[in-house]
Amino acid sequence: MSHDTTKQASGGLDVAVLVSVGRHPLTARARRADHDARAVELALGLEAARVRLIHAGRNDPDSEAALRDYLGMGFASLTRIDQPAGADVLPALLEALREAAPQLLFTGSRAETGEGSGLLPYLLGEALGWPVVTGIAAVESVEGGTATLLQALPRGQRRRLRVRLPALISVDEAGPAPRQSAYGPARRGTLSAETRPAETDDALAGWTLEPARARPKRLKIVKASSARERFKAAAAKAEGGGGQVLTDVTPEQGAEAIFTLLKEEGVLRH
Amino acid sequence: MSDIVRRDPRKEWIARNRLHPEHFAVLAELGGEGASPSEWIGPSGLIRRNPRAVGFIGPNGIKRIDRSGGQRGAQAAQGRRSQAGPTRRSVAIEEPAFLIAVVPDLAGGRLSSHDRDLLGLARQLADADPERPGAVLALTFGSHKETAFGDAGIDRLMAFDEAIFDGYAPEARLAALQAVERELAPRHWLLPDSSLGGGELGRRLAVRLGERAATQVWQVEADAEAPSGWRCTARASAGANDLRRPLPRVALALAECAEPVSETHHAARPLTLSQPLPEAFTRIEDGGAVAVDPAGVALAEAEFILSAGNGVRDWDAYHHAARTLGATEGASRVAVDDGFMPRDRQVGATGTWVTARVYVAVGISGAIQHLQGIQRCDKVVAINLDPGCDMIKRADLAVIGDAGAILEALVARVERERQGAEEQRDVA
């Protein structure tokens, strides 16, 4: 049983996920984009939601195989807005989203091909007039026109946000790990094509896109005014060492010393 | 007095010649009036030496012994020492031709190295034309602890420290940046491309200003053909490609995009907007930090790790200690191989490379593979029976003793502290 049949039966929240064709970092083959797959996973975790997938891009065999990976996560269909290569997908997406009018829109934080600037969620949010929240790790609840979300902070910390619907939620590495794509549903699912007017991205065509060069390593610049400073910089040990060692102490004294250090560093929570 | 050193070759020759009848007289003369002689003829005719008076203190504070005779370093050294020590050139730009706006992240209330690199890039853009220098304007949100803004290359500083900018307030911050744009119209906006902070705010700003921002910029070079006079190289396609384009007004730069300012000191003069900020309409509400189960935090990004090795005998007590301290659990390879801990908890070269701020190693002797894995930890605490093991050498604090007993005492200490705090709360 695929997921969206149960969700369509219950009605409720209308959710759309924008998905793109990714690129495997090692083999460079087309695949489902990692952030987008996490966004799909997050949307699938919502209670009583109708989830639909929207993709805007080229219609070719490679991208079709990649899009079917999303269908294999438990969808019967995916809307593909056909756009030529080098097109600016923003106007077409805006038109489609204004028609579909979802309450929550999920996207990955950036594309894995092309410019990949990560500006699209903000452009959509600005044009639609919706609030944009980024780096969302979980959706706690959606009720009364407000979504309560958990935003991922560095070091595994989380922050609770409340955002008014309709809203745009972008997902990055902190999102839930995407489920495996099942082969059968991926084959059976349908890609329904939509045609919308396309605009070419003239600015991007004028810029050069080339394989990434390795960035130069930053050299350690020693600005020494004297021979002694130069010598000290050259002969400095990598690690200082010289920590405090407590020998012949009772466990209580040792514990007290460790407790003081933990307090100073502020890692003990109350 | 002139700084030029006048030399008398004849006196120097006499000073070198210990058999010359005027040797000691000349030495005393060259050594200066204040300096005590290191050698003299005592009343009995014996030569007396004061070994402590030999030599002079060089310009770096090190004692130098000059065997050539005349010890003339002492005075010259003092004259030079006053100007020794790195001093930065002070720069004050009174009438800037244009402004370069920078919004540093100020992670933890201080300028991060990423912020400093970005300010270095801003200086590069501002100082390109020495005839018409621009000023670097830094905008800070919320409270901060940074004091050395001038050394980072900031000419003008605008602080938005109202309460509405605290926490996660992208809409209020964006409104403030828009007000700055309206009033001051900086030539460029530079922000650090960090996931939460500059990367997000900069994209919002670019979209609001209708600019197509350059993101993940890692190199900026002068280019006469570009409209802004600069072109940039930016990572694209999730790091697989480089995009070369003219530098737009809004640029989000990666760390190490330029060298930080190190030679000049800038004024960091406070600046305020002439008009109060308009009331921003917020649809995103910050509900505050959420308590996170430390066991669920990924080991690589955990802040506080309690790691167990071969020296742990009572595993239940260890798990209890980790829960009480609120620490994420880690393990050495031995503990994992013996089946006491799951494989995904292994720290080290074959497991996870951790970045904890505090790493407590319980009964881990410190194999080199394990020490590699904890290279990036700030503070390491070792609890071990063996005072000669490698982990003790790495540790900032090492306690020699039985791991079980010390952990038990630590748990008791933490619980006592918590009880005390609760009682105080009840009284209050």
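The values are calculated or read from the model by the stated rules, or taken from the named source; none is laboratory data. The structure presented is a predicted model; accordingly, all values stated were derived computationally and were not measured. Note: ideal-geometry Cβ built from the backbone for every residue, glycine included; neighbour counts use all protein chains shown. To get the accessible areas, we keep the full protein, side chains included, count just its heavy atoms, and leave off ligands, DNA and RNA. Shrake-Rupley method; radii C 1.70, N 1.55, O 1.52, S 1.80 Å.
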* Any chance region B:209-218 includes a residue that's part of a loop (DSSP other than H, G, I, E, B), basic (Lys, Arg) and either on the phi > 0 side of the Ramachandran plot or at the interface with chain A (Cβ under 10 Å from one of its Cβ atoms) (or both)? -> yes
* Structure fact -> Here the residues within region B:270-312 that are part of a loop (DSSP other than H, G, I, E, B) and touching a Gly at 6+ places or on another chain (Cβ under 7 Å) are B:292, B:297, B:298, B:302, B:309, B:310, B:311, B:312
* Asked: Which ones in region B:387-406 are over 13 Å from residue B:360 (Cβ atoms), more than 8 Å from every other protein chain (Cβ to nearest Cβ) and either more than 34 Å from the chain's Cα centre (by Cα) or aliphatic (A, V, I, L, M) (or both)?
  -> B:404
* From (1) surrounded by 16 or more Cβ atoms within 10 Å (Cβ to Cβ); (2) touching a Gly at 6+ places or on another chain (Cβ under 6 Å); (3) free of Cβ contacts under 8 Å to residues at least 40 places away in the same chain, pick out the condition that doesn't hold for residue A:261. => (2)
* Asked: Within the set of pairs 6+ apart or on separate chains, which have a first residue in region A:142-165 that is within 9 Å of another protein chain (Cβ to nearest Cβ) and within 17 Å of residue A:125 (Cβ to Cβ), a second that is part of a helix (DSSP H, G or I) and open to solvent by 40 Å² or more (accessible area, probe 1.4 Å), and C-beta atoms under 6 Å apart?
  -> none
* **Leading residue by the ranking (modelled with the highest pLDDT) among those in region B:15-38 that are over 53 Å from the mean Cα position of the chain (by Cα) and under 15 Å from residue B:66 (Cα atoms)** => B:17
* For residues that are open to solvent by less than 80 Å² (accessible area, probe 1.4 Å) and in contact with a helix residue (DSSP H, G or I) (Cβ under 8 Å, 6 or more places away or on another chain), scanning just region A:197-248, find the one that is modelled with the lowest pLDDT. => A:241
* Of the criteria (1) without any contact (Cβ under 8 Å) to a residue 40 or more places away in the chain; (2) within 13 Å of another protein chain (Cβ to nearest Cβ); (3) open to solvent by less than 40 Å² (accessible area, probe 1.4 Å), which one residue B:315 fails -> (2)
* Would you check if residue B:332 is open to solvent by less than 40 Å² (accessible area, probe 1.4 Å), without any contact (Cβ under 8 Å) to a residue 60 or more places away in the chain, of a type in the set (Gly, Ala, Ser) and not assigned by TED's automatic domain parsing to the domain that holds residue B:216? => yes
* Output the number of residues of region B:91-113 satisfying the condition of being in a helix (DSSP H, G or I) and open to solvent by 30 Å² or more (accessible area, probe 1.4 Å). => 3
* Among the candidates B:152, B:169, single out the residue that is buried (at least 19 other Cβ atoms within 10 Å of the Cβ), closer than 15 Å to residue B:91 by Cβ and not aromatic (Phe, Trp, Tyr). => B:152
* Test: residue B:343 is of a type outside the set (A, V, I, L, M, F, W, C), facing chain A (nearest Cβ under 8 Å), open to solvent by 10 Å² or more (accessible area, probe 1.4 Å) and in contact with a helix residue (DSSP H, G or I) (Cβ under 9 Å, 6 or more places away or on another chain) -> no
* Asked: Counting only residues that are more than 25 Å from the chain's Cα centre (by Cα) and in a strand (DSSP E or B), which one in region A:193-220 is nearest to the other protein chains (Cβ to nearest Cβ)?
  -> A:208
* Asked: Which ones in region B:256-302 are closer than 30 Å to residue A:221 by Cβ, open to solvent by less than 50 Å² (accessible area, probe 1.4 Å) and within 14 Å of chain A (Cβ to nearest Cβ)?
  -> B:257, B:258, B:260, B:261, B:264
* To do: Kindly indicate the residue of region A:28-83 that is in a loop (DSSP other than H, G, I, E, B) and hydrophobic (A, V, I, L, M, F, W, C) and also surrounded by the fewest Cβ atoms within 10 Å (Cβ to Cβ) among those meeting that condition.
  => A:28
* Asked: Is at least one residue of region B:281-290 more than 17 Å from residue B:126 (Cβ to Cβ), among the polar types (S, T, N, Q) and not assigned by TED's automatic domain parsing to the domain that holds residue B:136?
  -> yes
* **Candidates B:401, B:309, B:388 - the one that is open to solvent by less than 70 Å² (accessible area, probe 1.4 Å) and without any contact (Cβ under 8 Å) to a residue 12 or more places away in the chain** => B:388
* Structure fact -> Of (1) farther than 17 Å from residue A:16 by Cα; (2) at pLDDT 95 or above; (3) aliphatic (A, V, I, L, M), residue A:152 fails just (2)
